[in-house]
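Inspection log for the structure reproduced underneath, given as structure tokens.
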Amino acid sequence: MAMEHLTEVEAKDLVQKAGIPVVETVLARSKAEAEAVARRLGFPVVLKVVSPEVVHKSDAGGVKLNVKSDIEVSQAYDEIMTSVKEKQPSANVIGVSVQKMARPGVEVIIGMSKDPDFGPVLMFGLGGVLVELIKDVSFRIAPITRQDAAEMIREIKGFALLQGYRGADPVDLTALEDMLLKVSALVDQNPDVNEMDLNPVFAYRDGAIAVDARVALEAK
Ligand code: ADP
Ligand code: MG
């Protein structure tokens, strides 16, 4: 199926409008704009390449975390542009996204893909490197109930990590259930959304927030 990706900024707008907490993220089309936005948001910030063709931003050298000053914004901006030009020369780069550096949390992933028989299927799992390494995920056909959301979270193998493993804070499971329910509703109300990932979501003792979003629409 032909698909076109929204940029991270567009994807986060869509997700935020559906009531899902996301890190405040602003598109900057030049280095000067990036510096101005960073100053307005307050340091430290994160810079990421914005291009419809660059789907895996880190792989292209397109993510700079913990950027702490004007000078670091300028350096990060140049490094991103140089690296993306080298790794994906044909990519059309619109600019960078500037966002607040979120405090660390337990990284989880919430996703949606379409099954030819069942339609939209929701996924929940541990995020970051773990998701690729151990594929510890659960699935439900959308739309889901709160009971489904609660079960999806509790049936992953790594659930103990969310409950406060070895003295760590337990995370806010209700906030994660809310997020799954809102993704389910978003998908229900936007049939042209073919795929979606919130990866990662940072889960905290109180609340949870998406720091990256990927949305693919059915191409018209
Ligand atoms: P990719 O396109 O490579 O998935 P991400 O936007 O997910 O790029 O960024 C890569 C990693 O950087 C994330 O998995 C997360 O650990 C970290 N990260 C991204 N955005 C933020 C942020 N706003 N605050 C803190 N950490 C972040
Ligand atoms: Mg990501």
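Look through Leu176, Leu133, Leu126, Leu198 and report the one residue that is under 20 Å from the mean Cα position of the chain (by Cα), at pLDDT below 95 and surrounded by 22 or more Cβ atoms within 10 Å (Cβ to Cβ). None of the other options fit; the residue is Leu126.
Here Val215, Val183, Val108 are screened, and the one residue that is part of a helix (DSSP H, G or I) and within 16 Å of ligand 2 (Cβ to nearest atom) is Val183. Pairs meeting the criteria (first residue in the stretch 183-212 and among the polar types (S, T, N, Q), second residue assigned to a loop (DSSP other than H, G, I, E, B) and open to solvent by less than 40 Å² (accessible area, probe 1.4 Å), beta carbons under 7 Å, at least 6 apart or on different chains) are Ser184/Ala142; Ser184/Ile144; Asn199/Gly127; Asn199/Asp212. Among the residues making up the stretch 42-63, a single one is closer than 12 Å to Arg214 by Cα and without any contact (Cβ under 8 Å) to a residue 24 or more places away in the chain: His56.
The set of residues in the stretch 37-65 being open to solvent by 50 Å² or more (accessible area, probe 1.4 Å) and more than 17 Å from the chain's Cα centre (by Cα) consists of Arg39, Arg40, Phe43.
Criterion first (of a type in the set (Val, Ile, Thr), more than 14 Å from ligand 1 (Cβ to nearest atom), open to solvent by 40 Å² or more (accessible area, probe 1.4 Å) and at pLDDT below 95) does Ile141 satisfy it? No; evaluated as a whole, the condition is false for this residue. Is it true that some residue in the stretch 112-127 is polar (S, T, N, Q), closer than 20 Å to Met179 by Cα and out of contact with any Leu (no Cβ under 7 Å at 6 or more places or on another chain)? Within the stretch 112-127, one or more residues are polar (S, T, N, Q), closer than 20 Å to Met179 by Cα and out of contact with any Leu (no Cβ under 7 Å at 6 or more places or on another chain).
The values are calculated or read from the model by the stated rules, or taken from the named source; none is laboratory data. Just so it is clear, the model here is predicted, and its values are computed rather than measured. All Cβ positions, glycine included, derive from the backbone under ideal geometry; neighbour counts span all protein chains shown. Each accessible area value is taken on the protein alone, full model and side chains, heavy atoms only, with ligands, DNA and RNA left out. Shrake-Rupley method; radii C 1.70, N 1.55, O 1.52, S 1.80 Å.
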